[in-house]
1. Filter region 99-112 down to the residues that are surrounded by 11 or more Cβ atoms within 10 Å (Cβ to Cβ) and closer than 16 Å to Gly35 by Cα, then identify the one that is farthest from the chain's Cα centre (by Cα).
2. Please find, within region 57-98, the residue that is modelled with the lowest pLDDT out of those that are farther than 11 Å from Gly35 by Cα and of a type in the set (A, V, I, L, M, F, W, C).
3. Could you check Thr94 against (1) among the β-branched types (Val, Ile, Thr); (2) assigned to a strand (DSSP E or B); (3) loosely packed, with under 14 Cβ neighbours inside 10 Å and say which number it fails?
4. Mind listing just one residue for me: the one in region 56-89 that is hydroxyl-bearing (Ser, Thr, Tyr) and in contact with a Ser or Thr (Cβ under 8 Å, 6 or more places away or on another chain) and, of those, farthest from Val46 (Cα to Cα)?
5. Being over 30 Å from Tyr28 (Cβ atoms) and either of a type outside the set (D, E, K, R) or in contact with a helix residue (DSSP H, G or I) (Cβ under 6 Å, 6 or more places away or on another chain) (or both) is true for just one of Gly60, Gly82. Which residue is that?
6. Applying the selection to region 99-112, what residues are farther than 16 Å from Thr58 by Cα and either in contact with a Phe, Trp or Tyr (Cβ under 8 Å, 6 or more places away or on another chain) or modelled with pLDDT of 90 or more (or both)?
Amino acid sequence: MRCKTLTAAAVVLVMLTAGCSTFEKVVYRPDINQGNYLTSTDVAKVHKGMTQQQVAYTLGTPMMQDPFGTKTWFYVFRQQPGHEKVTQQTLTLTFDSAGVLTDMQNKTALTQ
């Protein structure tokens, strides 16, 4: 009888250990931050009429530039906390042919 109890306890222990992924909050997941981290004070410093050099000095180099010839810069910051939903902030800056900032869009929502 004691052997059966120990065997059953061992089987339950193995099943619980093998199924750790079912206990989502128990498994450690590191926070993953990718892209250009911009604070609201950094974004507030940028305004229409600035040149590309001034914007790059203020915010740093963009994550991506439009490859199709239009002068559009994208500053993207994606954050994935361990057990929470992904959030993404996208700042889109559009320059004219002279390199002067003409439009600025700041999107913070990411639907998933």
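The values are calculated or read from the model by the stated rules, or taken from the named source; none is laboratory data. What you see is a predicted model, and the numbers here were worked out from it, not measured in a lab. Cβ placement follows ideal geometry from the backbone for every residue including glycine, while neighbour counts extend to all protein chains displayed.
1. Ranking the qualifying residues of region 99-112, first place goes to Asn106.
2. Ranking the candidates gives Phe68 first.
3. (3)
4. Of everything passing the filter in region 56-89, Thr87 is farthest from Val46 (Cα to Cα).
5. Being over 30 Å from Tyr28 (Cβ atoms) and either of a type outside the set (D, E, K, R) or in contact with a helix residue (DSSP H, G or I) (Cβ under 6 Å, 6 or more places away or on another chain) (or both) holds for just one of Gly60, Gly82, which is Gly60.
6. Thr102, Asp103, Gln105
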